[in-house]
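Asker: To start, I am sharing the structure in question, which I have written as structure tokens.
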């Protein structure tokens with residue numbers, strides 16, 4: 001199958017660089033899967049699982065924030081926060097999920113709903129990628 | 001002429017100072033290497049960010065948006081990045097001067113301080129310190145930059161501040177660091193970007209509305225600028241300290257050699273004097 005260049009860059013490292021057959025992740029407009037030869041597009045990332053399908057195997061990571069620049073010959077993801085499953089602390093993610101759920105349930109006037117929801121989405125993405 | 005004992009004591013104290021400056025130079029050399037790697041690693045990300053933002057700005061030319069036009073408030077916020085410790089030559093005072101001589105009036109400016117030296121100097125000069133994040137100056141991490149830019153953008157959205165600047169030291173190479181004042185918001189249109197955008201082969205399509213794209217992208221852009229500023233400032237700090245300590249060590253060396261010369265002369269003249277006295281005494285007896 002045809003392949004394209006995938007580069008995932010974070011502010012402090014090059015997270016992934018290689019050839020991929022498909023990459024899937026969550027955006028503000030819904031989940032998308034990108035194959036080679038995609039029309040040029042820029043999308044904003046929403047917390048979720050990033051799946052890279054390579055020739056032989058596939059990799060998963062928890063992608064939380066950033067945006068992606070899609071061109072026919074390659075995809076560049078500028079990720080503010082991204083983690084391999086091995087870098088995630090499951091107990092911490094569970095605790096963060098409970099905290100966020102509680103904040104949303106209580107919904108006091110001083111609760112920053114957008115922030116709590118974002119925290120919940122991040123925690124869920126972390127837990128899902130471990131499964 | 002000073003006595004031999006005085007000269008010897010002076011030389012000893014300069015020698016121990018030199019040992020300290022030498023050690024500090026070595027420490028900052030090691031720290032510089034690490035900070036420089038950090039700065040270089042963040043450059044890829046920053047370039048990608050810059051290109052995307054320029055292309056969306058080219059596309060939305062003429063659009064009205066608070067991030068592009070500024071808000072009604074006349075207040076200016078300045079993020080001042082200095083070091084927490086001194087002995088870095090002119091590093092801190094150069095950054096502080098950017099603010100004090102940059103046309104920022106004390107009444108209309110609030111300071112977001114990163115680094116104790118800049119915070120103290122500006123507080124003394126009478127500026128209002130809105131936030132102090134000195135603890136992140138030495139080893140900046142991306143979440144720190146996100147927190148700072150979040151605070152700034154909140155204040156901007158509420159209309160508390162109308163313009164955001166960043167005063168930091170740009171790291172060109174090991175020996176050249178340039179104090180720089182950069183405007184973060186409203187976003188400035190870089191010179192000649194229209195032509196650039198026209199040249200770029202791939203037209204950008206955004207899946208969402210232009211305005212929404214700006215809302216989402218500009219905060220990320222500001223965060224990346226702040227992070228870039230933080231890592232460059234950290235690299236510059238260590239570079240400046242390395243240079244300062246290097247020249248201090250050199251100066252100490254020079255003083256020691258001058259004092260050695262003086263000491264030897266004093267020793268010589270005291271021997272000559274003693275000899276003259278002995279000979280004079282012997283002559284008197286015979």
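Asker: Rounded to the nearest 0.05, what FRET efficiency do residue B:160 and residue A:28 have when you use their Cβ-Cβ distance and R0 = 30 Å?
Answerer: 0.60
Asker: So for the pair residue A:131, residue B:151, with labels modelled 7 Å out along Cα→Cβ, what separation do we get in nm?
Answerer: Output for this residue pair reads 3.8 nm.
Asker: Per residue of chain A, what 222 nm ellipticity follows from adding -39500 (n - 2.57) for every DSSP H run with n ≥ 4, rounded to the nearest 500?
Answerer: -9000 deg cm²/dmol
Asker: Continuing with the same structure: Take residue B:141 and residue B:215, extend 7 Å from each Cα along the Cα→Cβ direction, and tell me the distance between the two endpoints in nm.
Answerer: Going from the residue B:141 label point to the residue B:215 one covers 3.1 nm.
Asker: Kirkwood Rh, Cα Rg: Rg to Rh for chain B?
Answerer: With Rg and the Kirkwood Rh in hand, the quotient comes to 1.26.
Asker: Can you sort A:4, B:171 so the residue with the fewest Cβ neighbours within 10 Å comes first?
Answerer: A:4, B:171
Asker: What do you get when you divide the Cα radius of gyration of region A:89-130 by 2.2 N^0.38 Å, with N the number of residues?
Answerer: 1.14
Asker: So, one more: Fewest Cβ neighbours within 10 Å first, please rank B:175, B:96 accordingly.
Answerer: The fewest-first ordering by Cβ neighbours comes to B:175, B:96.
Asker: For region B:207-240 and region A:25-88, what is the centre-to-centre distance using only Cα atoms, to the nearest Å?
Answerer: 21 Å
Asker: Related question: So what is Rg over Rh here for the protein assembly as shown, counting just Cα atoms and using Kirkwood for Rh?
Answerer: Details: Rg = 29.5 Å, Rh = 25.1 Å.
Rg divided by Rh gives 1.17.
Asker: Could you tell me whether region B:16-99 comes out rounded, prolate or oblate from its Cα gyration tensor? Rule is a ≥ b ≥ c as square roots of the eigenvalues, rounded for a/c under 1.5, then prolate if a/b exceeds b/c, otherwise oblate.
Answerer: Oblate.
Asker: If R₀ is 30 angstrom, what is the calculated FRET efficiency for the pair residue B:175 and residue B:41, using the beta carbon separation as r and rounding to 0.05?
Answerer: Between residue B:175 and residue B:41 the formula returns 0.90.
Asker: Would you mind giving the mean number of other chain beta-carbons within 10 Å of the Cβ of each residue in B:37-46, as a whole number?
Answerer: Details: counts 1, 3, 0, 0, 6, 5, 2, 8, 11, 3.
Average neighbour count from other chains, rounded to a whole number: 4.
Asker: Quick one: angle between helix A:113-130 and the longest Cα principal axis of chain A, in degrees between 0 and 90, rounded to 10, please.
Answerer: It works out to around 60 degrees.
Asker: Which of A:20, A:118, A:79 ends up with the largest GNM mean-square fluctuation for chain A, with Cα atoms connected below 10 Å?
Answerer: The residue with the greatest mean-square fluctuation here is A:118.
Asker: Connecting C-alpha atoms closer than 10 Å in a GNM of chain B, tell me which of B:234, B:252, B:145 has the biggest fluctuation.
Answerer: B:252
Asker: Please label the shape of chain A as rounded, prolate or oblate, based on the square roots a ≥ b ≥ c of the eigenvalues of the alpha-carbon gyration tensor (a/c under 1.5 means rounded; beyond that, a/b larger than b/c means prolate, else oblate).
Answerer: Cα axes put chain A in the prolate bin.
Asker: May I ask what percent, to the nearest 5, of DSSP beta bridges between residues of the protein assembly as shown are antiparallel?
Answerer: Here the share of antiparallel DSSP bridges comes out near 70 percent.
Asker: Next question. Which residue fluctuates the most in chain B, going by a Gaussian network model with Cα springs under 10 Å, if the choices are B:43, B:267, B:147?
Answerer: Judging by the Gaussian network model, the answer is B:267.
Asker: Counting only DSSP beta bridges with both residues in chain B, what percent are antiparallel, rounded to the nearest 5?
Answerer: Beta bridges within chain B, antiparallel portion: roughly 40 percent.
Asker: Another question, if that's okay. Sum -39500 (n - 2.57) across every DSSP H segment of at least 4 residues in chain B, then divide by the residue count to get the 222 nm mean residue ellipticity, nearest 500.
Answerer: -22000 deg cm²/dmol
Bear in mind that the values in this text are calculations on the coordinates, not laboratory data. Note that this is a predicted model, so its numbers are computed, not measured. All Cβ positions, glycine included, derive from the backbone under ideal geometry; neighbour counts span all protein chains shown.
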